[in-house]
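Undergrad: Sharing a structure, written as structure tokens. Questions coming.
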Amino acid sequence: MDESGTAEQYAVLPSRPPSSSAALMPLAYDGNLRSRLDALRELVGLSRARLDSGTLAEAGRVLDEAAARRRLSGQHTVVAIAGATGSGKSQLFNTLAGVTISETGVRRPTTAAPIACSWSDGAASLLDRLGIPGRLRRRPLQHPDSESPLRGLVLIDLPDHDSAAVQHREQVDRILGLVDAVIWVVDPEKYADAVIHERYLRPMAGHAEITFVVLNQVDRLPGEAAEQVLDDLRRLLDEDGIALGEYGEPGATVLALSALTGDGIGELRESLGQFVAERQGPARRIAADVDAAARRLRPVYVTGRRTGLSEEAREEFADRLADAVGATAAGEAAERAWLRNANRACGTPWLRLWRWYHDRREPATGRLSLRAQADEEATARQRVEQAVRTVSDHASAGLPAPWALAMREAAARGAHGLPEALDELAARTGLPPGRPPRPGWWPVAVLAQASMTLLQVLGGLWLLGQIVGFMSPNLGVPVLMMLAGIVGGPLIEWSCRMAARGPARRYGHEAERLLREAAAGCGRARVLDPLAAELLRYREVREQYGRVTGVGAGTATR
């Protein structure tokens, strides 16, 4: 028997479920909700390396509560009655139960601890989860279980949410996060109170389908004032973003009643009975929690811009690296080397003799020395760093902050040691030692040049023989031979030089292409591939986020 002496009207529930509750079925979520929960779990797992624990805390709590609720009875719906001091929620609790269970009176706050009333057996594990002790668990006795219109309902009378006692407010917040539905009780004086709207109703706007808003004490309002207050309450709820369940649309149920006179209680009882009979309250609560967690996570997953590295950005990065290793200069040097080799092979003997003498004094290495000077090396390093910064900016553009930071970190890791790798690559991919290859027509040109030289020598010997009297005088033929050799040699050299321009240019372009491809390959392996891996990871979590919200993967790249 409790303080009010009404033990003949209600029974105290045991703290553990009786043996008959063993047949109770656990809660079952439909396929869509299971898929969303699985996606949220996968999303949290994929994001742990990129997001801090505080950002993922709410999602983790939702997953834990969904798992905990699923293991409990699916035949019961836990509904909390919440309200401000003096709103009459305890009186409404007693009226719904049909007996005096929760203490009412003028002393504030009256409800110091949550009190539970269950209309059927098997709710003990649910109440254990809420932390309500056995001495505060009740059963109304006016209906057998099989006849009660509220069979399956577990009603919780909460302390006042505006109580001066901090522990009371903490209990309200804790239990509101665990119940399947909430009945908010407001009165004509405090229905517009900012505390209930800003702290509770507005943040839980997405939970409209499991929300009942009851305007109590309408017996105190004269004439049409009750309808006017009720309309103003609906307006405030609409401003809070709470969808109203009117004209068959899903949303919050808004009613006006008087717990004192019983006016409107039947309508609330009918709405509660239908809500409990559908057995969808727990799943709706979990779905609304998933929606709320997804909204909180939206800034770290959703971007309004298309993300990824464009071909233009990739080509720009490759061009910057090629510029850093001096690919263009290497190609030009290769072209000059080819032309020099052509001049050496096809030039006149006298010019070749001069070049030989010049090379003896300053021997050529036969290899292009890339970025040999210290200032050139410093400039090249700066170009590499600038190329990495630019491509990381392109890759992270439009991404949420955590993923943009991950992209920049991946680029920075790839850039470490990249200049040295490019130096080694440039040395390995540079011009080979020795002379460039020769085209097939070069032997013919060399033979023609030798013929011109031979004409000069023969013509000179003929003239010399005439001068010393060894041969009969005849200036015409030897002079013509010498002139043909003197003019023909430079003409052949000039012709070969013109003919060598095309092959030299192709040789230079090939050398430049090889160095560009090698630099691009090095940059791709060290920078672009890690960036692509991070983008792929972001797209994976973005796809999972789409599954969580129910939107799908179509926006994964946006």
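Undergrad: Counting only residues that are small (Gly, Ala, Ser) and under 24 Å from GLY264 (Cβ atoms), which one in segment 149-189 is modelled with the lowest pLDDT?
TA: GLY152
Undergrad: Answer yes or no as to whether VAL218 is crowded, with 22+ Cβ neighbours inside 10 Å and closer than 23 Å to GLY264 by Cβ.
TA: yes
Undergrad: Can you tell me which condition PRO114 does not meet? The list is (1) within 48 Å of the chain's Cα centre (by Cα); (2) at pLDDT below 90; (3) not acidic (Asp, Glu), and all the others hold.
TA: (2)
Undergrad: Can you name the residue in segment 238-256 that is farther than 12 Å from TRP184 by Cα and over 33 Å from the mean Cα position of the chain (by Cα) and is also modelled with the highest pLDDT among such residues?
TA: LEU244
Undergrad: Being modelled with pLDDT under 85 and either farther than 17 Å from SER118 by Cα or more than 17 Å from the chain's Cα centre (by Cα) (or both) is the requirement here; does SER15 meet it?
TA: Yes, satisfied.
Undergrad: Consider ARG129 carefully, then state whether it is part of a loop (DSSP other than H, G, I, E, B), within 27 Å of ARG199 (Cα to Cα) and either open to solvent by 50 Å² or more (accessible area, probe 1.4 Å) or at pLDDT 85 or above (or both).
TA: When the stated conditions are applied, ARG129 does not pass them.
Undergrad: How many residues are assigned to a loop (DSSP other than H, G, I, E, B) and either without any contact (Cβ under 8 Å) to a residue 24 or more places away in the chain or farther than 16 Å from ASP193 by Cβ (or both) if we restrict to segment 211-256?
TA: Residues flagged as assigned to a loop (DSSP other than H, G, I, E, B) and either without any contact (Cβ under 8 Å) to a residue 24 or more places away in the chain or farther than 16 Å from ASP193 by Cβ (or both) within segment 211-256 amount to 13.
Undergrad: Please specify each residue of segment 74-89 satisfying the condition of being open to solvent by 10 Å² or more (accessible area, probe 1.4 Å) and hydroxyl-bearing (Ser, Thr, Tyr).
TA: THR85
Undergrad: Identify, by number, the condition in (1) in a loop (DSSP other than H, G, I, E, B); (2) at pLDDT 90 or above that ARG34 doesn't meet.
TA: Unmet for ARG34, out of (1) in a loop (DSSP other than H, G, I, E, B); (2) at pLDDT 90 or above: (1).
Undergrad: Could you please tell me which pairs satisfy a Cβ distance under 6 Å, a separation of 6+ or placement on different chains, a first residue in segment 270-291 that is at negative phi, and a second residue that is surrounded by fewer than 17 Cβ atoms within 10 Å (Cβ to Cβ) and not in a helix (DSSP H, G or I)?
TA: GLY273/PRO149
Undergrad: Here is a further query. As an exercise: evaluate ALA426 against (1) farther than 21 Å from ALA518 by Cα; (2) at pLDDT below 85; (3) not polar (S, T, N, Q) and give the number of the one condition it does not meet.
TA: Going through the list (1) farther than 21 Å from ALA518 by Cα; (2) at pLDDT below 85; (3) not polar (S, T, N, Q), ALA426 breaks only (1).
Undergrad: Mind listing whichever residues of segment 265-281 are open to solvent by less than 70 Å² (accessible area, probe 1.4 Å) and closer than 20 Å to ILE242 by Cβ?
TA: Hits for segment 265-281 are LEU268, SER271, LEU272, PHE275, GLY281.
Undergrad: Given the conditions (1) open to solvent by 30 Å² or more (accessible area, probe 1.4 Å); (2) out of contact with any helix residue (DSSP H, G or I) (no Cβ under 7 Å at 6 or more places or on another chain), report the number of the one that GLY241 does not fulfil.
TA: Only one criterion is unmet by GLY241, namely (2).
Undergrad: Return yes or no: is ALA259 at pLDDT below 95, under 23 Å from LEU201 (Cα atoms) and of a type in the set (A, V, I, L, M)?
TA: Yes.
The values are calculated or read from the model by the stated rules, or taken from the named source; none is laboratory data. The structure presented is a predicted model; accordingly, all values stated were derived computationally and were not measured. With ideal geometry, Cβ positions are generated from the backbone for all residues, glycine too; neighbour counts draw on all protein chains shown. The accessibility values were calculated without ligands, DNA or RNA, using every heavy atom of the protein model including side chains. Shrake-Rupley method; radii C 1.70, N 1.55, O 1.52, S 1.80 Å.
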